[in-house]
Every structure is written in C-alpha cells, then in structure tokens.
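What follows draws every value from the coordinates through simple rules; no lab data is involved. Note that this is a predicted model, so its numbers are computed, not measured. FYI the Cβ positions are ideal-geometry reconstructions off the backbone, even for glycines, and counts take in every protein chain you see.
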Amino acid sequence: MQAFLNNFANVDTFVSVLPLLLSGLLVTVSLALVALPLSLLSGLLVALLFAVKNRVLTAVLFVLIDLCRSIPVLVLLMIIFYALPFLGLMMPPFVAVVLTLVINNTGYFGEIFRAGLASVPKHQQEAGLALGISRPRVLLFIVVPQAIRNVAAPLASNALELAKATSIASLVTMPELLRVAQVAQANVYNPTPLVAAAALYFIVLWPFSRLVARYELKTIKARY
Amino acid sequence: MGAIEEIFFNGEVIGRYWGEIVQGLMLTAEVSLLTVVLGIMGGLLLAVLKCFSNVVVDVIFAVFIDVFRTIPILVILFLVYFALPYAGLRLSPLVTTVATLSLVLTAYSAETFWVAIQAIPRGQTDAARALNIGAWSTIAFIILPQAIRLSIPLLCNRAIAITKGTALGAAVALPELLGSAQSAMSIAANPSPLTLAAGLYVLFFIPLVLLSRWLERRSTRERRA
C-alpha cells in the first residue's frame, strides 16, 4: 500500500508539480473559454440558415453538419495542424486547436439548435408576424429563446464535451493540463502528475457533469 | 489546382500506403465493434444491478459513472497506458484503447439505461407483482424491453461519439486508421494518406450518423403521435 501511494499519490511530487499543473489548467480553461462561445455562435448561425427554407441551402447544410459529425475531432486537428502547412498555411497550436473545436462543434451545436428551432410551434412565429413584428425580431426575440430552453440539456452536455475535448491539444504540444502532466511524469518517473491532472479535470468539470446529468434525467422523463 | 491535387490527393503516395491504411481501417472497425458491444452490455449490467439497490452498489454506481463521464477520454487513456504499468499492469495499445472506450461507454449507457428504467411507470412493476411474476422476470421481460427502446436514440448518439474516440488510440501507438495514416504521412512527407484516412472515417461514420438521425426523428414522431 505504501509503495502504491508513493507511486500514484506521491506528496513530494504533487507539491513540486502543482504550479506547473495549475499553469496547464489555465491554458485548458482559456482554450474552452475561447472555443465555446465561437462554437455556439457558429452553430446558431448554421441553424438560423435552416430557417431560410431554401431547398438547396438546407441540403448543403445537412451535408456539412453530417460531415462535421462523422470526422473524429483528433483527425480534424491533425489535418489542420499537420496537413495544412503543406499548403503554406501554418498557425500556432492555440489557433489550430480552437479552429478544430469550433469546426467540430459547429456540426453538433448546429444540429442541436436546428432541432430546437424546429421544436417551437409554428403559431408562435405566425402570431408574432400577425402583430406586425418584423421577421428578424420574431426569430431573435420569440423563437430563439424558446428554442434554447427546449434544447438546454443537449447544449449543456455538448459544452461539457467541448471542454473535455480540449485535452487533444496535448497532442500538438500545447502546454495544457494533460500535456504538462505528461512532461512532469517523464521528469519524476512516477505517475503522480498524471493522476493529479485527472483529479484536477474531475474537480473542475464535475459540477457541470452533475448539472448535465440532472438535465438529461428531466429530458428522458419528459419523453415517456 | 494541380498543386493541391499533388499535395492532398497524390495517387502515387496513396497507392504506396493503401494496404497499411486499409489495415488501419479494419483495426478501427474492430475496436469500434468491441467498444460498442462491451460498453452497452456493461451499461445494461450495471443498470440492472442498480435495480436491486443497496448502499454499496449505489455508491459504486454513482462514483463510477461520474468519474468516467467527467474525465476526458484521452486522460483516461494515458492513465491506463502510462500510469498503470507502475502498478505492474502493462496493457497493449489495443487492450488499452478498447478498455478505456468501453469503460466510458459503460458509464454513459448505465446512466441512460437507469434513467429510462426509472421513467417506466411504477404501475408496471405493481401489475407484474399482482400477476405473481418474479422480480428478475419483471425486469427482464417487462421493464427492460421498454427501457431499452426508450434509450436507443440517446445511446446511439453517444455510442457514435465515443466510437469516434478510436482515433485517440493513435496517441498510444495503436496502428488504427489515424495512426497508420500519420506514420505514412511522415514517411512520405505528403499529407495524402491523412486525406484518405479522413475520407474513410467519413465513409465509416456517415451511415451511423444518418441512422441516429433517423432514430431520433422516429422517436420524436412517436412522442407527438
């Protein structure tokens, strides 16, 4: 037991690598804070384009969304970070990771917002228009708020997945939480930094994870 | 245009590495299949165990689910591959990837199945008891069939999302589709293998994405009907 603790929860190691881990956590958090609003915005934009109700546009959007949903996020990152430079298109890891997360999640958020907009009864829009409210204002102030409420559960769940997906940044040498833990582990020859990083991820994300679980419970109960 | 073709769709490079990349695809398919089968069965098992709840089961269930739903897959993968050897447990890249992904899917599907089981009205269980049907039979033949049906659209999305995590296997030297394409790319100094891999991923996952869209739509229609 003592040997186990010395390896997996070595106090000296933990104290010495904690500042490094916290600096990594900061990078992780900033990745999520930059990528999440951008993804939400582009997802909402895609969903609003569905409202144009142009047959060709709708078909193109479905194809794009399904493409985004069927390419693993890591494959996308590898293309952006390792393949685009062959075209002379080079970008810093931070930008590459944010771009990857935004493209990947535009598909997911777009699909969620689309379903949300479709879930708002048509008469809401008709009533707004009949009252002489302009179409953009009807969409923005009447339809979108109800749509967002209807899809709050998948939105929260996907936001959590986005935050978790920032860990792939470690594979393009971004010094975020997972990466610094790996570097530290190579220096101290014990897995404490990795265990500590996992614990930090858990501590930071767990409240959101509980929230998502509660939302999902409500959704599935409403289904029956 | 010719330059783009030579860089991203180089027939000569693709021809040279085609065999390895297709082998990678096979490995991806294998890992995906194992993950889905193990993850769904694991989740179902946990959810059923939870039906006979006692304090110990409840605590283990809650901790297991929250841990595997909250920590990123890549972090768990690295813990299994780089940390467990310190405890004397050295797993191959294939076992590491399958174990990690199916544990994560187990956590998600256990939660979904459990929620669906709870959503079945209590009256069903009472009716079964009144008809003198045993506890196991009630769960197996009355509750589970309805609960599984209720969970399918949600699970389908989740299973696809986690199965796409097979690409993370490349990070622990598993020569699956992405891994084989990456090594081909670095040897050939040309990204065409990666383009090919991306195309194959799309071909592999598009039918699943369409299937889940169809399931989702069908269940929505049922609800409205």
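Observations on the model:
- Table column - 3J(HN,Hα) (Hz), the stretch B:67-77, Karplus curve with 6.51, -1.76, 1.60, x for Gly and Pro: 5, 7, 8, 9, 7, x, 4, 4, 5, 5, 4
- For the options B:Trp114, B:Trp18, B:Trp214, a Gaussian network treatment of chain B with springs between C-alpha atoms closer than 10 Å singles out B:Trp214 as fluctuating the most.
- Mean separation of Cα contacts under 8 Å, 6 or more apart, over the residue count of the stretch A:23-223: relative contact order %: 28 percent
- Contact order relative to length of the stretch B:122-195, as percent, for alpha carbon pairs under 8 angstrom and 6 or more apart: 14 percent
- Centre separation in Å (Cα based) which lies between the stretch A:89-109 and the stretch A:32-65: 15 Å
- The stretch A:25-134: chymotrypsin sites (Phe, Trp or Tyr not before Pro) in DSSP coil with no more than 16 other Cβ atoms inside 10 Å: none
- Angle in degrees between helix B:93-119 and the longest Cα principal axis of chain B, rounded to the nearest 10: 30 degrees
- Equivalent-ellipsoid semi-axes for the stretch A:11-158 (Cα gyration tensor, √(5λ), whole Å, largest first): 37, 21, 12.
- R0 of 25 Å, Cβ-Cβ distance B:Ala189-B:Leu33: FRET efficiency to nearest 0.05: 0.15
- Cα-only Debye scattering, the protein assembly as shown: base-10 log of I(q)/I(0) at q = 0.07, 0.09, 0.11 Å⁻¹: -0.39, -0.65, -0.95
- Residue-averaged beta-carbon neighbours from other chains (10 angstrom radius) around B:79-87: 5
- Inverse of mean 1/r across different Cα pairs in chain B, Kirkwood, Å: 19.8 Å
- Helix-only arithmetic for chain A: the sum of -39500 (n - 2.57) across DSSP H runs with n ≥ 4, divided by the residue total, places the mean residue ellipticity at 222 nm at -25500 deg cm²/dmol.
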